[in-house]
Amino acid sequence: MTAWIEMISDEAADERLKALLDQARTPHGTVDTVMRVHSLRPQTMAGHVALYRSVLHSEDNTLPFWFLEVVASYTSILNDCTYSLTHHFMNVRNLLRDQPRSDRIFTALKAQRPEDEFQGKELALLRYAAKLTSDVGRMVRSDFEALKLAGCEDGEILEVNQVCAYFNYSNRLLNGLGCTTEGDVIGYYKGDDEA
């Protein structure tokens with residue numbers, strides 16, 4: 001686990017930080033760099049864990065988890081965040097369990113041509129996420145209305161809005177502190193071994 005910033009190990013953590021590190025642990029018992037990077041200011045780790053889980057892993061979401069991971073990956077591509085892309089596109093692969101399709105999706109997203117693999121509501125949501133990431137100051141009501149015309153419900157729009165907004169935050173955290181995936185377990189999903 002590496003970053004430009006100092007990170008406190010489990011062994012050196014005080015009681016408060018130990019408790020927060022335990023809350024941030026992945027299902028396999030480790031703390032990924034994306035969370036440990038907060039160790040000098042643990043209160044931000046607490047907020048980050050809560051936001052991440054509520055945005056991407058809530059059972060109240062109605063869009064499929066694999067598609068929310070596609071949104072996360074596309075946002076990370078647009079921000080050139082290798083850390084998030086590595087983690088979250090592996091989740092797309094694990095969830096889809098269709099290597100040729102996930103390869104096509106990756107190629108389309110990297111080319112910034114989601115229309116090569118998506119259509120309808122999914123394409124509209126990916127275009128919305130792209131503009132929200134790359135041209136946020138030019139968002140207008142017609143961007144939202146285009147989603148409605150494509151058949152998106154307001155709750156689905158909010159889900160994509162929040163995943164995109166979260167990954168814009170996270171990508172800046174990771175790139176700005178020089179985080180790498182070294183030592184992280186990549187692409188683990190809690191239910192992977194159940195399927």
| message | Would you confirm whether or not segment 138-156 contains a residue that is surrounded by 18 or more Cβ atoms within 10 Å (Cβ to Cβ), of a type in the set (D, E, K, R) and closer than 25 Å to Asn175 by Cβ? | response | no
| From the set of residues in segment 170-194 that are modelled with pLDDT of 75 or more and among the acidic types (Asp, Glu), which is surrounded by the most Cβ atoms within 10 Å (Cβ to Cβ)? | Asp184
| task | Run down Thr107, Thr82, Thr86 and say which single residue is over 20 Å from Phe65 (Cβ atoms), hydroxyl-bearing (Ser, Thr, Tyr) and within 15 Å of the chain's Cα centre (by Cα). | result | Thr82
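Would you point out which residue out of Leu125, Leu95, Leu85, Leu109 is farther than 24 Å from Asp32 by Cβ and aliphatic (A, V, I, L, M)? Spell out the reasoning first.
Working: Leu95 fails: farther than 24 Å from Asp32 by Cβ; Leu85 fails: farther than 24 Å from Asp32 by Cβ; Leu109 fails: farther than 24 Å from Asp32 by Cβ.
Just a single option satisfies the conditions, and that option is Leu125.
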| query | Of all residues in segment 5-39, which are outside any helix (DSSP H, G or I), charged (D, E, K, R) and closer than 19 Å to Gly183 by Cβ? | reply | Glu6, Asp10, Glu11, Arg25, Asp32
| message | Just to be sure I understand the filter: pairs with C-beta atoms under 9 Å, separated by 6 or more residues or on different chains, first member in segment 1-22 and without any contact (Cβ under 8 Å) to a residue 40 or more places away in the chain, second member in a loop (DSSP other than H, G, I, E, B) and exposed (fewer than 15 other Cβ atoms within 10 Å of the Cβ). Which pairs pass? | response | Glu6/Leu40; Met7/Leu40; Ile8/Asp14; Ile8/Leu40; Leu17/Asp10; Lys18/Asp10; Leu21/Asp10
| remark: Pairs returned, first residue in segment 119-145 that is of a type in the set (Asp, Glu), second residue that is surrounded by fewer than 19 Cβ atoms within 10 Å (Cβ to Cβ), beta-carbon separation under 7 angstrom, 6 or more apart or interchain, are Asp143/Lys131
| request: Given the conditions (1) within 24 Å of Leu51 (Cα to Cα); (2) loosely packed, with under 13 Cβ neighbours inside 10 Å; (3) not polar (S, T, N, Q), report the number of the one that Asp103 does not fulfil. | output: (1)
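Which members of segment 40-69 meet the condition of being in a loop (DSSP other than H, G, I, E, B) and either touching a Leu at 6+ places or on another chain (Cβ under 6 Å) or basic (Lys, Arg) (or both)? Explain how you work it out, then say what you get.
Step one: list which residues in segment 40-69 are in a loop (DSSP other than H, G, I, E, B), which gives 40-41, 57-64.
Matches in segment 40-69: Arg41 only.
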| request: Check off (1) closer than 18 Å to Ala72 by Cβ; (2) outside any helix (DSSP H, G or I) for Gly178 and give me the number that stays unchecked. | output: (1)
| field | Some residue of segment 109-120 being within 26 Å of Met45 (Cα to Cα) and surrounded by fewer than 15 Cβ atoms within 10 Å (Cβ to Cβ) | value | no
| note | Of the residues in segment 70-85, those that are surrounded by fewer than 17 Cβ atoms within 10 Å (Cβ to Cβ) and in a helix (DSSP H, G or I) number 1
| Top-ranked residue of segment 26-61 - restricted to ones that are loosely packed, with under 15 Cβ neighbours inside 10 Å and under 20 Å from Thr86 (Cα atoms), ranked as modelled with the highest pLDDT | Arg53
| message | Being farther than 20 Å from Leu78 by Cα, at pLDDT 95 or above, among the polar types (S, T, N, Q) and part of a helix (DSSP H, G or I) is the requirement here; does Ser142 meet it? | response | yes
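The values are calculated or read from the model by the stated rules, or taken from the named source; none is laboratory data. Just so it is clear, the structure is predicted and the values come from calculations on it, not from any experiment. Glycine also receives a Cβ, built like all others from the backbone with ideal geometry; neighbour counts cover every protein chain displayed.
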